[in-house]
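Structure first, then comments.
The values are calculated or read from the model by the stated rules, or taken from the named source; none is laboratory data. This is a predicted model, so every value here is computed, not measured. All Cβ positions, even for glycine, are placed from backbone atoms using ideal geometry, and neighbour counts span all protein chains on display.
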Amino acid sequence: MKLTSLLSLLVFATVLHADPPEGFKAIFNGTDLTGWYGLNPHSVVKLEGEKKAAALQKMREEFAKHWRVENGELVNDGEGGYATTDADFGDIEMLIEYKTVPKADSGIYLRGNPQVQIWDKTQVFDPKKPDRKPHLGSGGLFNNTPGKPGRDPLVLADKGFGEWNSFRIRQIGEVTWVWLNEQLVVDGAVMENFWDRAKPMPAKGPIMLQTHGGEIRWRNIHVKELSAAESAELLKKAGK
């Protein structure tokens, strides 16, 4: 094999299996589904007792039917429960890459709360649905009240289909920052508690990767858990 070809392969492998930056840890191992299970919280929120337990168990059992690992990527077929971490997280910085297809709709739940939105940016705005604005791009806090800060992204930063997009997300208390492809799209906005808007975000909860309507691929999922001192310092610098 020529040296140039070997170097190209090494670079390609590095992109696929990037080591976490200093202070971060990988929460997806690139090999199997260890550390994750299936859950769609919307489907069980009104269930109780045995019915809820049975539904939760079924989603766990069906997780591997809709999610798989391929070339170091976590892949979903557009159906089934959301990929949910066994671990709970509080204040974090998160790095994650994704690639999706036309008409797919996805997002990232923080502490089990929706969500940092992922859109198909080519969708045409429908005036009959004025609060749904996929043409503005991904990264906004779509489940915030319409008109509230962070609901829509500050800039359109999505790459084209077939290309990898990268998120950097910072969550401190209720306050969320989102960078998409190194562009700031949410600047320290409060993420509302979707499940009970009268209450703040829970202090901890799982990270969830939503699936909805089309294949999505994820890779290089890295998290840095922030100490109370780190969180306080970042809030201070941001004037929050």
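Just to be sure before I move on: is Gly162 over 28 Å from Ala228 (Cβ atoms) and either out of contact with any Leu (no Cβ under 7 Å at 6 or more places or on another chain) or of a type in the set (A, V, I, L, M) (or both) in the structure I sent? Answer is yes for this residue.
Within segment 203-214, does at least one residue satisfy the condition of being surrounded by fewer than 16 Cβ atoms within 10 Å (Cβ to Cβ) and under 21 Å from Ile27 (Cβ atoms)? Looking for residues that are surrounded by fewer than 16 Cβ atoms within 10 Å (Cβ to Cβ) and under 21 Å from Ile27 (Cβ atoms), one finds at least one in segment 203-214, hence yes. Can you report the number of residues in segment 155-201 which are basic (Lys, Arg), touching a residue at least 12 places away in the same chain (Cβ under 8 Å) and not in a strand (DSSP E or B)? Residues flagged as basic (Lys, Arg), touching a residue at least 12 places away in the same chain (Cβ under 8 Å) and not in a strand (DSSP E or B) within segment 155-201 amount to 2. Could you check, for segment 44-63, whether at least one of its residues is modelled with pLDDT of 95 or more and within 17 Å of the chain's Cα centre (by Cα)? No; the residues of segment 44-63 include none that is modelled with pLDDT of 95 or more and within 17 Å of the chain's Cα centre (by Cα). Determine which single condition Lys224 fails, assuming it passes every other condition in (1) over 16 Å from the mean Cα position of the chain (by Cα); (2) surrounded by fewer than 20 Cβ atoms within 10 Å (Cβ to Cβ). All conditions are met except number (1). Among residues of segment 204-221 being under 22 Å from Thr145 (Cβ atoms) and modelled with pLDDT of 95 or more, the one that is farthest from the chain's Cα centre (by Cα) is Gly205. With respect to Trp177, determine if the residue is of a type in the set (Phe, Trp, Tyr), at pLDDT 95 or above and either closer than 14 Å to Val190 by Cα or crowded, with 22+ Cβ neighbours inside 10 Å (or both). Yes. Residue-level check: of (1) among the small types (Gly, Ala, Ser); (2) touching a Pro at 6+ places or on another chain (Cβ under 8 Å); (3) closer than 22 Å to Leu235 by Cβ; (4) crowded, with 21+ Cβ neighbours inside 10 Å, Ser138 misses just (3). Thr145 meets the conditions (1) outside any strand (DSSP E or B); (2) hydroxyl-bearing (Ser, Thr, Tyr); (3) under 15 Å from Ile96 (Cα atoms) in every case but one. The failed one is (3). If we keep just the residues of segment 136-182 that are on the phi > 0 side of the Ramachandran plot and not polar (S, T, N, Q), which is nearest to the chain's Cα centre (by Cα)? Once the filter is applied, the top-ranked residue is Gly139. Applying the criterion of being under 20 Å from Gly205 (Cβ atoms) and β-branched (Val, Ile, Thr) to the residues of segment 72-89, the residue that is surrounded by the fewest Cβ atoms within 10 Å (Cβ to Cβ) is Thr85.
Tally time: how many residues in segment 51-71 are in a helix (DSSP H, G or I) and surrounded by fewer than 17 Cβ atoms within 10 Å (Cβ to Cβ)? Steps first, answer last, please.
Within segment 51-71, the first condition is being in a helix (DSSP H, G or I), and the residues that meet it are 51-66.
Now narrow it down to the ones that are surrounded by fewer than 17 Cβ atoms within 10 Å (Cβ to Cβ): 51-55, 57-58, 60-62, 64-65.
Number satisfying all stated conditions: 12.
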